[in-house]
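Down below is the structure, laid out as structure tokens.
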Amino acid sequence: MRTGIVTDESFLAHDTGAGHPERADRLRAIYGWIEGRRSSEWIRVPTREASSEELARIHVPEHVERVAATARLPHYAFDADTPVSSRSFEAASRAAGGVLALVDAVMAGEVTNGFAFVRPPGHHAERDRAMGFCLFNNVALAAAHLRAAHGLERVLVVDWDVHHGNGTQHAFYRDPNVLFISSHQYPFYPGTGAAREVGSGEGEGFTLNLPFPAGYGDAQYVRAFLDVVEPVARRFAPEFLLVSAGFDAHRRDPLAGMQVSEQGFAKLARVLLRVARDVCGNRLVAVLEGGYDLEALTRSVEAVLGEMSGKSLEEAVSAPPGDAADLSLPLEIARHYWRI
Ligand SMILES: [Zn+2]
């Protein structure tokens with residue numbers, strides 16, 4: 001399989017200040033590892049800036065204008081977690097546009113799948129508000145782009161970042177065309193993501209939350225993906241699969257309390273890649289969200305990119321031994337709406 005990757009020096013210019021975990025060094029570590037490979041196994045997809053029309057598919061114009069206005073300020077903070085610099089608007093526009101370009105490349109058949117190594121991250125960004133290190137919701141914008149520009153009817157977003165993707169959930173909460181599935185530590189930042197949050201109106205059932213207590217690792221995550229995420233995803237039969245791929249559920253991560261390893265992330269990726277192979281011609285794009293330990297981040301990216309090559313797609317995925325995950329409520333909800 002041909003995997004497209006998105007990298008851009010402009011993402012490094014988004015300066016969050018000294019001591020902030022969401023820092024340019026995260027991407028420097030990933031880009032350094034990619035350069036060190038000196039290989040042609042990935043196809044670079046150039047970034048572009050997302051247009052105001054594209055941003056308006058998810059965000060209100062006032063929000064876009066507020067982020068744009070920070071380009072004229074030396075420093076600004078949307079909240080205590082979300083400081084920006086004068087280059088942050090450009091970085092955020094290119095992060096969103098880079099993900100759109102990668103999605104376009106997959107749709108055009110130029111690449112089979114892809115991974116966008118972007119920052120700022122996006123899944124906490126709401127329609128009208130920056131929060132949680134996020135300015136524009138890269139994954140939500142990609143899902144909206146697939147609907148509006150490519151005419152797809154069913155897009156699946158799986159979010160395995162350790163934090164709940166509140167912005168993505170809210171963007172499609174009443175929308176049956178975008179199924180949002182999130183596994184996350186709970187209760188935890190940002191506070192949303194209870195299992196009972198299932199969508200509303202026509203979108204009821206098209207939000208599926210897997211709230212996990214701190215301490216879950218490969219055994220529980222892989223079990224949850226095999227028992228809940230995979231069967232629901234197959235039943236939905238998406239035409240495109242987007243992954244909010246944060247790596248802050250890694251056992252080394254300083255912000256959260258999960259125990260996932262890079263091999264665990266590889267297994268989660270394999271489950272999703274197999275769904276994509278079977279139902280949508282391999283069309284899958286992963287977008288970087290969190291992940292704040294540089295070594296864990298780089299190793300996890302390596303593991304997931306290895307899976308995206310397709311070399312181990314036929315190998316069985318099994319959960320390592322360990323305590324069972326408590327999936328009773330998500331399973332009950334999944335059975336109710338999806339008859340798995
Ligand atoms: Zn996170």
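The values are calculated or read from the model by the stated rules, or taken from the named source; none is laboratory data. On a predicted model such as this, the values are computed, not experimentally measured, just so you know. Here Cβ is always computed from backbone atoms with ideal geometry, including for glycine, and neighbour counts include all displayed protein chains. Keep in mind that these areas ignore ligands, DNA and RNA; they rest on the heavy atoms of the full protein, side chains included. Shrake-Rupley method; radii C 1.70, N 1.55, O 1.52, S 1.80 Å.
Taking the criterion of being within 16 Å of the ligand (Cβ to nearest atom) and either in a loop (DSSP other than H, G, I, E, B) or open to solvent by less than 10 Å² (accessible area, probe 1.4 Å) (or both), would at least one residue in segment 215-234 satisfy it? Break it down stepwise before answering.
Going residue by residue through segment 215-234, those that are within 16 Å of the ligand (Cβ to nearest atom) are 216, 221.
Narrowing further to those that are either in a loop (DSSP other than H, G, I, E, B) or open to solvent by less than 10 Å² (accessible area, probe 1.4 Å) (or both): 216, 221.
Yes, there is a match, as at least one residue in segment 215-234 is within 16 Å of the ligand (Cβ to nearest atom) and either in a loop (DSSP other than H, G, I, E, B) or open to solvent by less than 10 Å² (accessible area, probe 1.4 Å) (or both).
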Selection count, segment 176-188, where residues are part of a loop (DSSP other than H, G, I, E, B) and either within 24 Å of Val60 (Cα to Cα) or away from the ligand (no atom under 16 Å from the Cβ) (or both): 2
Residues being part of a helix (DSSP H, G or I), modelled with pLDDT under 95 and open to solvent by 70 Å² or more (accessible area, probe 1.4 Å) - total across segment 15-54: 2
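Return a yes/no flag: does segment 304-325 have any residue that is over 24 Å from Ile34 (Cβ atoms) and crowded, with 21+ Cβ neighbours inside 10 Å.
Start the filter on segment 304-325 by keeping residues that are over 24 Å from Ile34 (Cβ atoms), which leaves 314-325.
Applying the additional criterion that residues be crowded, with 21+ Cβ neighbours inside 10 Å yields 325.
So far as segment 304-325 goes, yes, one or more of its residues are over 24 Å from Ile34 (Cβ atoms) and crowded, with 21+ Cβ neighbours inside 10 Å.
Would you point out which residue out of Glu110, Glu90 is away from the ligand (no atom under 16 Å from the Cβ), open to solvent by 10 Å² or more (accessible area, probe 1.4 Å), under 23 Å from Gly306 (Cβ atoms) and modelled with pLDDT of 95 or more?
After applying the criteria, what remains is Glu110.
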Hey, Leu73 out of contact with any Gly (no Cβ under 8 Å at 6 or more places or on another chain) and of a type outside the set (Lys, Arg) or not: yes
Residue selected from segment 55-78 under the condition modelled with pLDDT of 95 or more and not in a helix (DSSP H, G or I), by the criterion farthest from Gly167 (Cα to Cα): Tyr76
Residues within segment 121-166 that are within 12 Å of the ligand (Cβ to nearest atom) and either more than 19 Å from Asp248 (Cα to Cα) or in contact with a Cys (Cβ under 9 Å, 6 or more places away or on another chain) (or both), tallied: 4
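Across segment 281-334, which residue is farthest from the ligand (Cβ to nearest atom) among those that are of a type in the set (Lys, Arg) and outside any helix (DSSP H, G or I)?
Once the filter is applied, the top-ranked residue is Lys311.
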Neighbours by Cβ (under 6 Å, 6+ apart or cross-chain): first from segment 147-168, farther than 22 Å from Glu53 by Cα and assigned to a loop (DSSP other than H, G, I, E, B); second within 12 Å of the ligand (Cβ to nearest atom) and charged (D, E, K, R): Asp161/Glu289; Val162/Asp248; Gly165/Asp159
Among (1) closer than 14 Å to Val229 by Cα; (2) in contact (Cβ under 8 Å) with a residue 60 or more places away in the chain; (3) not β-branched (Val, Ile, Thr), the one test that Leu179 misses: (2)
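Please specify each residue of segment 254-273 satisfying the condition of being touching a residue at least 60 places away in the same chain (Cβ under 8 Å) and open to solvent by 10 Å² or more (accessible area, probe 1.4 Å).
Once the filter is applied, which keeps residues that are touching a residue at least 60 places away in the same chain (Cβ under 8 Å) and open to solvent by 10 Å² or more (accessible area, probe 1.4 Å), segment 254-273 yields Pro254, Leu255, Ala256, Gly257.
Can you confirm whether Tyr173 is within 16 Å of the ligand (Cβ to nearest atom) and either part of a loop (DSSP other than H, G, I, E, B) or under 23 Å from Arg57 (Cα atoms) (or both)? I'd like the intermediate steps shown before the answer.
On the way: within 16 Å of the ligand (Cβ to nearest atom): no; either part of a loop (DSSP other than H, G, I, E, B) or under 23 Å from Arg57 (Cα atoms) (or both): yes.
Judged against the criteria, Tyr173 is not a match.
Which one of Thr207, Thr192 is buried (at least 24 other Cβ atoms within 10 Å of the Cβ) and not aliphatic (A, V, I, L, M)?
Working: Thr192 fails: buried (at least 24 other Cβ atoms within 10 Å of the Cβ).
Step by step, each of Thr207, Thr192 is checked, and only Thr207 is buried (at least 24 other Cβ atoms within 10 Å of the Cβ) and not aliphatic (A, V, I, L, M).
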Among residues of segment 93-112, those that are out of contact with any helix residue (DSSP H, G or I) (no Cβ under 6 Å at 6 or more places or on another chain) and part of a helix (DSSP H, G or I), counted: 9
